[in-house]
Each structure stands twice: as structure tokens, then as C-alpha cells.
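Comments concern the structure below.
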Amino acid sequence: MDRKVRVRFAPSPTGPLHIGGVRTALYNYLFARKHGGDMILRIEDTDSNRFVPGAEDYINESLAWLGIGIDEGVREGGAYGPYKQSERRDIYREHVKILLDNGKAYIAFDTPAELEAKRSEVANFQYDASTRMSMRNSLSMPDDEVKRLIDEGTQYVVRFKVEPGRDVVVDDLLRGKVTINSSILDDKVIYKSADDLPTYHLANIVDDHLMEVTHVIRGEEWLPSAPLHVLLYEAFGWSDTAPKFVHLPLLLKPDGKGKLSKRDGDRLGFPVFPLEWHPEGGEISSGYRESGYLPEAVVNFLALLGWNPGDDTEIMSMDELIDKFDFSHCSKAGAKFDYEKGRWFNHEYLQKLSDERLAELFKPVLRQHGVNPDDYSDELLARVVGLVKGRIYFVKDLWDQTKFFFVAPEEYSAKDVKKRWSEDTPRIMGELVDVLLALPDFGSKAAEPVVLDWIASKGYHLGNVMNAFRLTVVGECKGPHMFDITELLGKDETVARIKKGVERIKI
Ligand code: GLU
């Protein structure tokens, strides 16, 4: 019987969600949507020592920003809650008891100091079938002694009893069947009496079972845990409904040498977090949102880090990604984090925005630079950004490309002056002013032929005159088409700038 697809993204709130985690969430989401399934967000907060305040909100805000929708979770609710592991203690306690009762787990009293002593005494010590009888646990000690210690309130852990010498098969949709021998596994701690909480392994598989998860899609770093999880499903008698595994390839540093780390962002100058992260009393880490990325661009970029649609299509909306997504086009090899590609995606998505929308996004940037956008009509702003948007990678780049629209140049590029300004230029600019003042229509299309005809009729050097003109208006010899600029600036401003330039530029 085919079950409804149910997947979960199960982050631990131990810090800001990094970009690799976001990709895992995205792949879960794409897979769920593709198959009409459910996407669960489960907060795995059983490691109280590593809990970081604000991390859970950060996860929610990041996913919301990117449009990764959650069907069931702490905020959304759902029929399988609670969705936060620290609120499921009773459930875990009950399941630990099941394993203890059926002999699949045992109680161990070894203190951290005792374990440490053992490790220094025995090379490559592992708590397993070969050593457990020499340790202090409910298998090696008499029952009444165990009971007495527990009654006295002695701290203990529960360990999963791994039977040695068995082949454990992890069936991974991406990697095929991965077989390992159970002898290499240790008797993992699955519960600690000290905080009355299970460890990740137990909580994770109990929840996946109870939440009827069909596919566990997570990072490759969890592959080594998978054999233990297979054995745990078996110990509970749940193997028939155990979820299928998909262990996603690692994200690698841009040069492909090693795993992308949280520190690479600062080192290489790009964000590795979706949103800016402000740790209590610590240094701020940059985020994609605050760096000027559009969420659609980030989603598209991340989707292609480890997956492709089977052809070379690159620009895909969320709906298109959902439509095309499948694991058969997922790579097993690590995906290089090509940050330049991320910039390119942002450029492409900015081109898709209407000029009006882009102008809206530009307004806060204008304010930051002391320009009040309300002094300009929305229509004018839209036309200004429309002229230069092909050159930008981020909304903030619009300022460099368009600042001369808002602020007349105070300085003139020395290099361009040297190249384009001669003794004759002030006189020619004076003539140009007369030509411009005489124009009945100052629009780009009307003005251009008149000015070009005048230059030709006088036998002037086209490049020199037009560049000198540009120098006075823009301050340097670059920018969009000259007559588009002057049309938007208007006749009075254009003429005023030429006159000011003539006064100021000295050779
Ligand atoms: N809590 C684990 C994490 O932080 C979940 C791993 C899994 O998805 O099984 O990534």
C-alpha cells in the first residue's frame, strides 16, 4: 500500500540555520509538494547544553522568507504534535521502557570519569558486545544492585544493545544499498536520566515513526547514524514502515577542497546564512536577505547545488522546481558552493522584476544615501532604474549606477577630463547649450538626431563632444545612453550641469 508522502525537516536549534540546512529543507519541501505530501518542521531540542536562544525563531523566519511552506510544526500545529522534542518526554520515556523490557537496551552507570579511564587504558575502546560485560551496567550487575542504585537516585544512561556480526543494510534512494557490519557500531546512549531526555537517535526515530514519515531526507553527515537507526526500527518491530533514506551530498567550499564551513563565509566574503544572525554579545554574521538577495534567487541557486532538472535549464521558479524535482537527478558527489553563480542568479531574478517593483525596492537605498524618494515621481524612479537594471547584481548596486540622477556631480573624473577635455571644449559646450535650449522636444528620440546633426555640421569629433557632454552631466564617462539620461533629468537640469561643468573643469 502506498502511503502518503510525509517528510520532515528536523533542525536542532543550536545556532543559525546554515545554508546547507536550508538546502535540506528545500529538497524536503520540493519532494513533499511534488508528491502531494506533507512537510513537517520538527524542532530537535533534546541536547539542552547546545540550545541557543533565538535559533528556533530564526529557523521559522528563514523558511518563511524563502517560501518553504510548512504543513505541520510548532507554529502550524497538526495531528502528530507536539512538534518540539522537549515537549515529548513522556513519549520517549515510554519507548525507552519498551526497549528495556524486551532486552534491546540496558541501563549503564559508568560515570564520565570511568569511561575516560577505560579509554586511556584500552586502545580504541568501544562500548559494545566485546566490552559491555566488563562495564557497570544492568547486564553485568545483579538486578538488586541495579534497583538499589536507581532508587538511590544514581544517574544512569540507557544504551542500545547492538548485536555484533550482522550485516545492516541502509537503503538509500541516492546511494543504493549501503551495507555495514554491526560489529563496528557501539552501544549508543539513547537516554540520559540526568535530564530525563532521549538522545538524538532515539527521539529521531521514534518521532519519524509516530509522525508517519515516509522519507528521511537529510545531509550526508547523518549517513553514519543510519545503520543504528535501521537497528532501532527493527528493535521496535517497525521495519516494515521504516522511512526511506536520502542522504544529500555535502556542500563543498568554492574550490571544492573540503566541506563548506560556517567560517568560510566571513573568510571568503559571502553569506553562509539565509538571514543576518545576531548572537547574544557576539559578532554578527551576514545573511542573504540583508546582502540584497531575492528569496527566489536563493531558492533557485540552492536547488541546483546537488540537483539538476535533467537538462541545462537554470532559471526555475518554485513551481517549476517542484514539477521537475526528483532524486534520480541528484548527485552523490559533493556540490561546490559557487558563490559567483549565486550572484548571477540574483542578477537574473532582478531582471524579471518590473521597473516599478525595483524602484520600490530601491527607495530604502535612496534614503540611506540621503535622497528622499518622495521628491521624485514613482514613474520617474521606475524609468531611472529601468535604464540601468541590466548592470546590477543587487538592488543596492542601483545607487552607484544612478546616483548622478539624484545628485549633480561635484567632481569630475580626472582621467576622463584628461582624455576628453581640451581648450576648445568650453566653447563647444556653450554651443551645445544653445542647441539644447532651442529643442522644442527634449525627449531622447527627438534630441539625439538634432545634437548629432549639429556635431556633424560643425565637423566636431563625435566621441570627444559626447564624452565631454557626459562628463559634465554624469561626472565620468560611463552610464546609460546619454539622451535617455538627459530626457529624465530634463532640460533645465541638463543645461545647468553643462554650465557648472564648464565653470569647474580646469585643464
Ligand atoms: N536534528 C538533526 C539535525 O540537526 C536532524 C538530522 C536528521 O534529519 O535526522 O540536523
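The values are calculated or read from the model by the stated rules, or taken from the named source; none is laboratory data. Being a predicted model, the structure only gives us computed values, none of them experimental. Every residue, glycine as well, gets a Cβ built from its backbone with ideal geometry; the counts of neighbours run over all protein chains shown. What goes into the accessible areas is simple: the full protein's heavy atoms, side chains included, and nothing from ligands, DNA or RNA. Shrake-Rupley method; radii C 1.70, N 1.55, O 1.52, S 1.80 Å.
Observations
- For first residues located in region 270-290 and over 17 Å from Trp65 (Cα atoms) and modelled with pLDDT of 90 or more, partners that are acidic (Asp, Glu) and buried (at least 19 other Cβ atoms within 10 Å of the Cβ) and lie 6+ apart or on another chain with Cβ distances below 9 Å do not occur.
- Verdict on Leu436 being among the hydrophobic types (A, V, I, L, M, F, W, C), within 25 Å of Val371 (Cα to Cα) and more than 41 Å from the chain's Cα centre (by Cα): no
- Contact map, region 223-241: first residue more than 30 Å from Gly334 (Cβ to Cβ), second residue in a loop (DSSP other than H, G, I, E, B), Cβ cut-off under 6 Å, separation 6 or more or different chains; pairs are Ala235/Lys104.
- The residue that is nearest to Met482 (Cα to Cα), counting only those in region 380-429 that are open to solvent by 40 Å² or more (accessible area, probe 1.4 Å), of a type in the set (A, V, I, L, M) and not in a loop (DSSP other than H, G, I, E, B), is Leu387.
- Meets criteria (within 16 Å of the ligand (Cβ to nearest atom), open to solvent by 60 Å² or more (accessible area, probe 1.4 Å) and out of contact with any Cys (no Cβ under 8 Å at 6 or more places or on another chain)) for Leu268: no
- Looking across region 26-36, the residues that are more than 10 Å from the ligand (Cβ to nearest atom) and part of a helix (DSSP H, G or I) come down to Leu26, Tyr27, Tyr29, Leu30, Phe31, Ala32, Arg33, Lys34.
- Scanning region 1-24 for residues that are part of a helix (DSSP H, G or I) and near the ligand (Cβ under 10 Å from one of its atoms) yields Gly20, Gly21, Thr24.
- Qualifying residue in region 238-253 (condition: crowded, with 18+ Cβ neighbours inside 10 Å, at pLDDT 95 or above and over 25 Å from the mean Cα position of the chain (by Cα)): yes
- Where strands (runs of 3 or more DSSP E) fall wholly inside region 147-234, the ranges with 3 or more residues that are modelled with pLDDT of 95 or more, within 15 Å of the ligand (Cβ to nearest atom) and surrounded by 20 or more Cβ atoms within 10 Å (Cβ to Cβ) are 215-219.
- If you go through region 1-58 and pick out every residue that is among the acidic types (Asp, Glu), open to solvent by 50 Å² or more (accessible area, probe 1.4 Å) and free of Cβ contacts under 8 Å to residues at least 60 places away in the same chain, you end up with 2.
- Yes/no for Phe301 being within 18 Å of Ala64 (Cα to Cα) and touching a strand residue (DSSP E or B) at 6+ places or on another chain (Cβ under 6 Å): no
- Among all residues of region 125-135, there is none that is out of contact with any Leu (no Cβ under 6 Å at 6 or more places or on another chain), within 16 Å of the ligand (Cβ to nearest atom) and open to solvent by less than 60 Å² (accessible area, probe 1.4 Å).
- Residue among Glu87, Glu72 that alone is under 39 Å from the mean Cα position of the chain (by Cα), of a type in the set (Asp, Glu), more than 30 Å from Ile184 (Cβ to Cβ) and crowded, with 16+ Cβ neighbours inside 10 Å: Glu72
- Matching entry among Glu296, Glu280 (being in contact with a Pro (Cβ under 8 Å, 6 or more places away or on another chain) and either within 16 Å of the ligand (Cβ to nearest atom) or not hydroxyl-bearing (Ser, Thr, Tyr) (or both)): Glu280
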